[in-house]
Amino acid sequence: MLSKSQSTSTRSAYRSLRAVSSLNRRQILSAYAAARILPTSSAVNNQSAVPGPNFSGVSRNFATTKLNEGLYVYHIAGHSEGPSYHKPHFDKILIANRGEIACRVIRTARKLGIKTVAVYSEADSDSMHIKLADEAYCIGPAPSSESYLRMDKIIDVCHRSGAQAVHPGYGFLSENAEFAEALVKERIVFIGPPSSAIVSMGSKSESKNIMSAAGVPCVPGYHGNNQDPDFLLQEAESIGFPVLIKAVHGGGGKGMRVVSSSKDFAEALTSAQRESAKSFGNATVLVEKYITHPRHVEVQVFADQHGNAVSLWERDCSVQRRNQKIIEEAPAPGLSPELRADLSEKAVEAAKAVKYVGAGTVEFIFDNDTDEFYFMEMNTRLQVEHPVTEMITGLDLVQWQLEVAAGNPLPLSQREIPLVGHAFEARIYAENPRNNFLPDSGSLFYLSAPTPTHVFAPSLPATTPVEDAPKFTPPSIVRSSSSGDIEPSVRLEQGFGQGSQIGVFYDPMIAKLVVHGRDRTEALRVLRKALDEYKVVGVSTNVEFLRSLAGNEAFIQGDVETGFIPKHFNELFPPVPAPSPEALGQTALYVVLRDHPIAIPSSSPWTSLASRRFGGDVHDRLITLQTEDASQTHTVRVKSTSPGVFDITVNDATEFSSVSAYLGSKGEVFSSLGDRSLRTTVVSQPPPPSLPASSSPNTMERLHVFLDGQKSTLILPTPKWLLSLGGDVLGAGKGALKAPMPSLVIEVKVNVGEKVEKGQAIVVLESMKTETVLRAEVNGAVKAIGCKNGEMVEEGRELVSIEADGEENP
């Protein structure tokens, strides 16, 4: 029997439903007759869902909603009018991560009025995510094993701060079943799937057995436990060469070998098993058919605690380096509506097979030669590339995660999820693409990014479900005067700003540049322009490589595959061009204008002139510039003919006459060269103050020139008079060992007072995952040590001082 208050709430809910739905009175009353009273679970805060009655025959768009304490009703999914009867959001959540993903989660939480708690390591004490959060707690030293992977410390912070739930981001503990279980035991919600799903999808062999049983296509192969070499060879021959040997618990390309014939199988198997055992502590492998021209296509799925699961369409992540994604797009180019529907259906079946809850990604290998696809794995977390899905659907996936974790149903049904336009995400890394994409580290000395148009996904044109269409068909756009236009948009997901340190302990991703347009062509054009505007000094980046990739003809045509980079290597990595005459001229103008600024109109010459030539303003200056490796020298003669007007001669060959120019406030040179108006950014990077002047390039001023989407680095040689002084200092400090780059001190091998010999190893450093040994340059004794094991040191810092034999103490 309903109480008076419950009856009032029920009648109110009925009136709201009647107002916003197309259902007739009889249908709604039938629904209420089936679902009038639904007792809640006693463990209200647990993750376990409270099941609702099944009356799908009344309406497929009904979803469970909390009506009152002890009551649930059903409402029409996708409608927001009328009273809201859903479980409230958390008051406070903890983000167990760092960098851009922590900032991303905090922004959505702030939008929803949810307080946030950040955790950070000692290396991240000045990071952006702790400045954005409401509270922040240090959880240990820089190594992940002592901070971001310490479950006990994170749970302790939850209790100290009162956080009710934990968002794991991606990486670190995001796919750790033990962590998810530990949180549940502490009555803290894990914003992610149940631990059982994490376990099932964590094993490549188990996950593929589950998928096969659920009818999801898998790559033909053997996924069992029999590891006998002769048996595995027999299986490989039945599959047909080429085959792929892959570690069952692997990732990142470890324990993986492609075998083209039976005679190579035994050696490849032994090698793969050995590498797998070393990397993952498990030598078990599987054998699969190797797809010669594969694409990496993945489907974003979402499921709630009430048994609902949907596809938010697919993404293409085929272009990779070192078996890791570098650029993603949605939707995948070239897929037919039927193929898209098939992919989505199989992905949803995969999610349901493991009783999935929350955001997940089902990854498929797509065979370019046959248009067939096969299950690869399921990532049980929010993916790095989730923003491209947000852009084509207009949704906030972090908000969906919070809704689902709170126990609410999915906000939209499958037929209501849009697919509008095209989106790209370019991952900007501190790495050197021309050195096999090896990561870099150091300070972001200068960072200038394109101005974002949106913080979250833009609002999309109104859509309406297509009548009588298959289930996995995106709704169509409603064309009207007020909607239907799609404006190009840019998002910037970043966790670091100018001055931030990109260290050696974590992933070197600086930011994600996300764009959206009405179609793939427009989105690519927006991406190229945004990359032209992204400028970094201080570390090597992949920005120019991404710009080259976005302009590659094969990529523009959508002809993508996982082997895209090696296939188009020569086009993507052309020889580094010499600085253009325009770039050299603009750089020389920067030096001249910096040293002698043009007067700003003012009533008093004493406040407007930096310097004054009383014999006239016509003067010449010869600027010498060197390439970064000092292999080429260029000369530029700049003659001032009148204030702000110059004649320029580059290498005694190229002349630019009557060039009007001035220097902007941000190091931008505005000039007119011939019939071109140029805007060139020049960033001056002085050498570390601890380094004395010398003829070595790393002791000279660097000028980083950004022009026409290209970055050139030129060196301004040290004046001869300063070199003579620097030589004296260098001679005096010959025994000093300094850090050649930002590095981690692995081992200091000496003590103060210890005698050393020339060539003896003194300090071992690590940077970019490479060890460097600093050796004594003289025979002598250790006078001072300026570092310790495990310390992060900046470029140019004096680490050890050695007093050479025969030197006298001052």
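The values are calculated or read from the model by the stated rules, or taken from the named source; none is laboratory data. None of the values given here were measured: they were computed from a predicted structure. All Cβ positions, even for glycine, are placed from backbone atoms using ideal geometry, and neighbour counts span all protein chains on display.
Things worth noting here:
- Summed over region 127-144, residues that are hydrophobic (A, V, I, L, M, F, W, C) and in a loop (DSSP other than H, G, I, E, B) total 3.
- Selected residue (criterion: nearest to ALA272 (Cα to Cα)) from residues of region 224-239 that are in contact with a strand residue (DSSP E or B) (Cβ under 7 Å, 6 or more places away or on another chain) and either among the aliphatic types (A, V, I, L, M) or outside the structural domain of GLU267 (by TED's automatic domain parsing) (or both): LEU232
- GLY360 being touching a Lys or Arg at 6+ places or on another chain (Cβ under 6 Å), within 21 Å of LYS471 (Cα to Cα) and either in the same structural domain as ALA123 (by TED's automatic domain parsing) or buried (at least 22 other Cβ atoms within 10 Å of the Cβ) (or both): no
- Residue list for region 516-554, restricted to those being closer than 20 Å to THR681 by Cβ, not in a helix (DSSP H, G or I) and not small (Gly, Ala, Ser): GLU533, TYR534, LYS535, VAL536, VAL537, VAL539, THR541, ASN542
- Answer residue from region 321-336, given it is in a strand (DSSP E or B) and at pLDDT 95 or above and is nearest to ARG434 (Cα to Cα) among those: ILE327
- Filtering region 117-142 to residues that are of a type in the set (Val, Ile, Thr), in contact (Cβ under 8 Å) with a residue 24 or more places away in the chain and in contact with a Lys or Arg (Cβ under 7 Å, 6 or more places away or on another chain) leaves only VAL117.
- Going through (1) part of a loop (DSSP other than H, G, I, E, B); (2) modelled with pLDDT of 95 or more one by one, VAL362 falls short only on (1).
- Residues that are of a type in the set (S, T, N, Q), farther than 24 Å from GLU237 by Cα and touching a helix residue (DSSP H, G or I) at 6+ places or on another chain (Cβ under 7 Å), drawn from region 180-222: SER195, SER200
- Test: residue in region 145-160 that is part of a helix (DSSP H, G or I), closer than 22 Å to ALA180 by Cβ, at pLDDT 95 or above and in contact with a helix residue (DSSP H, G or I) (Cβ under 7 Å, 6 or more places away or on another chain): yes
- GLU237 meets all of the listed conditions (1) surrounded by 19 or more Cβ atoms within 10 Å (Cβ to Cβ); (2) without any contact (Cβ under 8 Å) to a residue 60 or more places away in the chain but one, namely (1).
- Test: residue in region 329-337 that is of a type in the set (Ser, Thr, Tyr) and surrounded by fewer than 23 Cβ atoms within 10 Å (Cβ to Cβ): yes
- Looking across ALA277, ALA266, one residue alone is surrounded by fewer than 18 Cβ atoms within 10 Å (Cβ to Cβ), farther than 30 Å from ALA102 by Cβ and either assigned by TED's automatic domain parsing to the domain that holds VAL404 or modelled with pLDDT under 90 (or both). It is ALA277.
- Residue list for region 618-651, restricted to those being out of contact with any Pro (no Cβ under 6 Å at 6 or more places or on another chain) and among the small types (Gly, Ala, Ser): SER631, SER640, SER642, GLY644
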